[in-house]
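Colleague: Can you read through this structure? Questions will come right after.
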Amino acid sequence: AARVVVLASGGGSNLAALLAAHDEPGFGARVVGVVSDRPRAGALDLARDAGVPAVVVDPADFPDRPAWNRGTADAVAVFRPDLVVLAGFMRILAPEFVGRFEPRILNTHPALLPSFPGAHGVRDALAHGVKVTGCTVHLVDTGVDTGPILAQAAVPVLDDDDEASLHERIKVAERALLVETVGRVAREGVHVVGRRAVVGA
Ligand code: GAR
């Protein structure tokens with residue numbers, strides 16, 4: 001199975017979905033390590049409960065951003081990943097990181113890119129008044145949420161939604177989309193033609 005390292009900053013429900021999938025026969029991917037920038041991230045507990053090694057790379061322990069990016073890349077490289085999955089990782093990774101693993105880095109984002117990139121994809125979609133939003137799994141390049149798109153799912157915005165209720169609805173679709181896409185990329189590979197990511201050899 002493809003070796004997957006997950007980077008997560010938060011509660012880790014996307015990580016939990018990957019951990020639930022990776023024992024299924026034929027899934028083709030296994031989470032072999034978790035890296036977080038936050039010492040208290042719930043994702044760390046999920047990893048430990050699943051018996052997956054988890055490490056913290058806290059920016060406070062590094063002199064500057066490039067050093068933290070290199071430290072994060074070193075921590076990920078220890079696990080010899082075939083794929084790196086950003087699942088609720090809330091910091092921007094610079095070329096010192098991306099250059100080490102590109103094009104094998106996937107990110108999940110809670111909006112239909114290229115609309116509403118950045119840290120507040122759900123809030124920004126709600127503020128804009130769109131009636132449909134969703135989630136996007138894409139390859140990571142050195143831009144912010146700009147890499148080639150692998151998969152998307154649409155989610156309706158309801159009239160009485162707030163950011164929390166909309167994000168919960170998106171996350172249901174997002175977990176399924178992320179698991180499916182990681183499995184497909186792990187089993188079949190991916191290549192990029194122009195701006196388009198194509199899963200398969
Ligand atoms: C997910 O919705 C993910 O798309 C989002 O954070 C949430 C993490 O949830 N990521 C971003 O907004 C990245 N800019 P989780 O910790 O429960 O997996």
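Colleague: If Lys and Arg each add +1 and Asp and Glu each add -1, what is the summed charge of the other residues whose beta carbon sits under 9 Å from the beta carbon of Gly200?
Modeller: 0
Colleague: Net charge near Gly147, counting Lys/Arg +1 and Asp/Glu -1 over other residues with Cβ under 11 Å of its Cβ? It would help to have the intermediate numbers written out before the result.
Modeller: Values: positive: Arg195; negative: Glu102, Asp141, Asp145.
Computed value for this residue: -2.
Colleague: Once you list every other residue whose beta carbon is under 13 Å from the beta carbon of Pro95, what net charge do they have if Lys and Arg are +1 and Asp and Glu are -1?
Modeller: Values: positive: Arg65, Arg70, Arg100; negative: Glu96, Glu102, Asp141.
Once positives and negatives cancel, what remains is 0.
Colleague: Which far-off residues, 5 or more places away or on another chain, put their amide H under 5 Å from the one on Thr133, with H placed in the peptide plane?
Modeller: Val155, Val157
Colleague: Shifting gears a bit: Using the number of other C-beta atoms within 10 angstrom as an exposure proxy, rank Val35, Val190, Val144 with the fewest first.
Modeller: The fewest-first ordering by Cβ neighbours comes to Val144, Val190, Val35.
Colleague: Another question about this same structure. Enter the Cα centre distance for the pair the range 12-70 and the range 77-115, rounded to the nearest angstrom.
Modeller: 12 Å
Colleague: Under a Cβ-only charge scheme (Lys and Arg +1, Asp and Glu -1), can you give me the dipole magnitude of the range 54-178 about the Cα centre, in debye to the nearest 20?
Modeller: So the magnitude is around 360 debye.
Colleague: Can you bin every Cα-Cα distance in the range 73-184 into 5 Å intervals starting at zero and give me the percent of pairs per bin, rounded to whole numbers?
Modeller: Going from the shortest bin to the longest, the percentages are 2, 13, 24, 22, 17, 12, 7, 3, 1, 0.
Colleague: If you don't mind, there's one more thing I want to ask. When only Cα pairs under 8 Å and 6 or more residues apart are kept, what is the percent relative contact order across the range 1-103?
Modeller: So the answer I get is 36 percent.
Colleague: Among Ile170, Val190, Ala201, pick out the residue whose Cα is farthest towards the positive end of the charge dipole of the range 158-201, where Lys and Arg carry +1 and Asp and Glu carry -1 on C-beta, about the Cα centre.
Modeller: Ala201
Colleague: In a solvent-free Debye calculation with one equal scatterer on each Cα, what is log10 I(q)/I(0) for the range 97-154 at q = 0.22 Å⁻¹, listed in the order of the q values?
Modeller: After summing over all Cα pairs, the log10 values are -0.78.
Colleague: Oh, and also: Find the Cα radius of gyration of the range 1-117, compare it with 2.2 N^0.38 Å by division, and give the number to two decimals. Mind dumping the intermediate values first?
Modeller: Numbers: Rg = 13.7 Å, N = 117, 2.2 N^0.38 = 13.4 Å.
Cα-based Rg divided by the globular estimate yields 1.02.
Colleague: Also: How do Ser9, Ser36 line up, fewest other C-beta atoms within 10 Å first?
Modeller: Ser9, Ser36
Colleague: Separate question: Sorted from fewest to most neighbouring beta carbons within 10 Å, what does the list His167, His191, His138 look like? Intermediate values should be presented prior to the final figure.
Modeller: Details: His167 19, His191 12, His138 23.
Fewest-to-most ranking of His167, His191, His138: His191, His167, His138.
Colleague: Please provide three numbers in whole Å: the alpha-carbon extents of the chain along the principal axes, with the largest listed first.
Modeller: For the chain, the Cα extents along the three principal axes come out at 46, 40, 37 Å.
Colleague: Which of the listed residues, Phe116, Val132, Phe27, is farthest toward the dipole's positive end in the chain, when Lys, Arg count +1 and Asp, Glu count -1 at the beta-carbon?
Modeller: The listed residue farthest towards the positive side: Phe27.
Each value in this text was obtained by applying a stated rule to the coordinates, not by laboratory testing. Please read all numbers here as calculations on a predicted model, not as lab measurements. Please note: Cβ atoms are built from the backbone with ideal geometry, for glycine as well, and neighbour counts cover all protein chains shown.
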